[in-house]
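The values are calculated or read from the model by the stated rules, or taken from the named source; none is laboratory data. Values in this document were obtained by computation on a predicted structure and should not be read as measured data. For neighbour counting, all protein chains shown are included, and Cβ atoms are generated from backbone atoms with ideal geometry for every residue, glycine included. Heavy atoms of the whole protein, side chains included, go into the accessibility calculation; ligands, DNA and RNA do not. Shrake-Rupley method; radii C 1.70, N 1.55, O 1.52, S 1.80 Å.
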Amino acid sequence: MRLKRFSVTNYKVFCEKFSINFSQQDIAILTGKNNTGKSTFLEAINQFYLPTVAKTKIPVECYSDQDESKVIELEAVFLIDGEELTILKRYANDSGKYFDQDGKEIKKGHILKTVLDKLLENSPYYITPYMTTDEVDKQVQEIYSHLLTAELTKLENDESDLSKSKQEYLELKRAIPKLLSQLKSNTDQALKAVSDNVSKNLQGLFSNKDLQLAVSGGDSNGFSIAEIVKSTNSSVTIDNKQFQGMPLSTQGTGIQRMSLIFIFQNMIEQGMLGINENKMLLIDEPEAFLHPEAVRALSQSLYTIGGKMPLIISTHSPVLIDLSENHTSIQVLRIGSNEAIELFQSSNSVFDENDITNMKILNYVDSYINEFFFANNIIIVEGDTEYIALKHYIKEKELSIHVIRARGKSTICTLMKILNQFKAPYYILHDMDNNNTKYEQKTLKAQLTNCKNIFKLKQENNTIFASVANFEQAIGIVEVPDRKKTSTIYGIMNDPSGVTVKNRIYSFFDHIFDIRKSDKLEVNIIEILYESVYEELFMPVVGNEHVAAGAEEVVTYMTE
């Protein structure tokens, strides 16, 4: 029973019907600006599963515009054995009722009542940034109850189990009905005298000798698994140097949330929650109240959990998305005012060992590499010089552009694979490195091959620019040693004496981002439309025969 689509109408910020389609991916990540409804959407999913209590109405704050004359509608589409099933939960100034897709209320006697009960029994685990003490304790009990139910069900159904626990369980099942039968016999005898006396009272009161009342106890079939689970209780305690046995609910928010998440992770790893478990885990802003190292550890736990059970999170943190992790798949949706746009859907099967290594290096060097998930415009640059120039340009122009610093051509290829599989539009600015005064022939041939490898990954929604021979020379300044590149470009961006070069650079960036197109650029940076452009530019320094011969050589550089 997998949740395929969920829709919200008239619930808090969602005044109109708002839907998200979930693919069969294990991890769904909701992103978006503040106050767009990420947390509310998770809350609405949880609200769908909450029991309806006749005396308890949903708070007025849950109605959009706090207008109780509206009808809140939560629509869930489940995939059950390959077939879609739509269930609606409506609140019309009441405690909520469930309906089928034809609008008929699902209650006793409805063909879907048994299915609905089974769905609601599988309510999600729900972790929020501001969980109360009672909510933390409830989650702990939910986990324990789930495990206990699984163990009792195994005892109930596994005929091959010959353990002592199985024997004791069967003896208990036989003993309790026998005991209840004996008690019923005793109570029935006592109740017979009551029945006879009451019958006489009624006969005299209504002058009717045929009136006969009988009070008797009901039959019992023993006990159910649900009844055993309800009679149990559980707790989680934490010790430290000062105190022992402190309830988890008394700890700080960060410890509470991480403890619950780690409990899920370890139970999954030990097979305690089952494989292909359809019980969902909803986590609202899992990075809240955590320091950076804890967020990175949390990321690893989420991928472990997402590989075993449906996981939906809302987040502002790109650090949570670690593409070098051996996760199965990921679905990223951005929540807007009227719709949820599927930004990215990915599998890491397209990455080879070198790609995984490059991504791990990038994660160490630049922990915010994954900000591209949240950006509208993306550009990959090879080195520090162009990175710093772009950062100054973006700040002065107040633009929303994410710059990814690759630090080498092979890493550019890895980043292109990442962005391509997510169908993200982006730009590339790399050095040609066709300078025969700086590199030997072998290195030049390898640089040509690296350039061609970049072009082979080009797709329709990305554009490649190459600096001849590198960015420093392309913007018209002298060759700069690696150790001085950062200070040199910083001086150009901030010193009035460098305004000519700065304007030259800014004019090119305006051209790239369609702010102001220019027919003639003042920089020696070329848009690469064909692979042959590389060959033409390398031919003068390596020769025609070497252009072809170098096609098999690849060298990885992380020079800048």
Name the single residue that is nearest to Ser7 (Cα to Cα) among those in the range 61-91 being surrounded by fewer than 17 Cβ atoms within 10 Å (Cβ to Cβ) and of a type outside the set (Asp, Glu). Thr86
Search result, residues across the range 459-484 that are among the charged types (D, E, K, R), open to solvent by 70 Å² or more (accessible area, probe 1.4 Å) and in contact (Cβ under 8 Å) with a residue 24 or more places away in the chain: Glu479, Asp482
Answer yes if at least one residue in the range 336-354 is open to solvent by less than 20 Å² (accessible area, probe 1.4 Å) and either among the basic types (Lys, Arg) or at pLDDT below 85 (or both), and no otherwise. yes
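For the range 1-53, give me each residue that is among the small types (Gly, Ala, Ser) and within 18 Å of Leu120 (Cα to Cα).
Ser7, Ala44
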For Tyr98, work out the one condition from (1) of a type in the set (Ser, Thr, Tyr); (2) at pLDDT 90 or above; (3) under 25 Å from the mean Cα position of the chain (by Cα) it doesn't fulfil. (3)
The range 25-46 - residue that is without any contact (Cβ under 8 Å) to a residue 40 or more places away in the chain and either small (Gly, Ala, Ser) or assigned to a helix (DSSP H, G or I) (or both) and, of those, farthest from Lys308 (Cα to Cα): Thr40
Checking Thr488 against (1) open to solvent by 20 Å² or more (accessible area, probe 1.4 Å); (2) touching an Asp or Glu at 6+ places or on another chain (Cβ under 8 Å); (3) closer than 30 Å to Ile418 by Cα, only one condition comes out false. Which one? (3)
Where a residue in the range 383-401 is free of Cβ contacts under 8 Å to residues at least 12 places away in the same chain and surrounded by 14 or more Cβ atoms within 10 Å (Cβ to Cβ) and its partner, wherever it lies, is not in a helix (DSSP H, G or I) and not acidic (Asp, Glu), with Cβ under 6 Å and at least six apart: Ile394/Ile401
Which of the residues belonging to the range 251-265 are open to solvent by 40 Å² or more (accessible area, probe 1.4 Å) and either without any contact (Cβ under 8 Å) to a residue 24 or more places away in the chain or under 10 Å from Ile127 (Cβ atoms) (or both)? Ile255
Six or more apart or on different chains, Cβ atoms under 7 Å: show the pairs whose first residue is in the range 163-178 and more than 18 Å from Ala150 (Cβ to Cβ) and β-branched (Val, Ile, Thr) and whose second is at pLDDT below 80 and open to solvent by less than 70 Å² (accessible area, probe 1.4 Å). Ile176/Gly222; Ile176/Phe223
Residues that are touching a strand residue (DSSP E or B) at 6+ places or on another chain (Cβ under 6 Å), over 19 Å from Phe509 (Cβ atoms) and not aliphatic (A, V, I, L, M), drawn from the range 411-432: Gln421, Phe422
If you scan the range 47-67, which residues turn out to be in a loop (DSSP other than H, G, I, E, B) and modelled with pLDDT of 90 or more? Asp67
In the list Ser299, Ser249, which residue meets the criterion of being assigned to a helix (DSSP H, G or I), of a type outside the set (A, V, I, L, M), at pLDDT below 75 and farther than 19 Å from Met1 by Cα? Ser249
What residue, of Ala150, Ala175, Ala193, is open to solvent by less than 80 Å² (accessible area, probe 1.4 Å), modelled with pLDDT under 80 and in a helix (DSSP H, G or I)? Ala150
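So which of Tyr506, Tyr534 is touching a strand residue (DSSP E or B) at 6+ places or on another chain (Cβ under 8 Å), in a helix (DSSP H, G or I) and over 17 Å from Asn462 (Cα atoms)?
Numbers: Tyr506 fails: touching a strand residue (DSSP E or B) at 6+ places or on another chain (Cβ under 8 Å).
Only one candidate passes the filter, namely Tyr534.
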Taking the condition open to solvent by 90 Å² or more (accessible area, probe 1.4 Å), farther than 30 Å from Met258 by Cβ and outside any helix (DSSP H, G or I), does Glu159 pass? yes
For the range 433-443, which residues satisfy the criterion of being within 20 Å of Ile526 (Cα to Cα) and surrounded by fewer than 21 Cβ atoms within 10 Å (Cβ to Cβ)? Asn435, Asn436
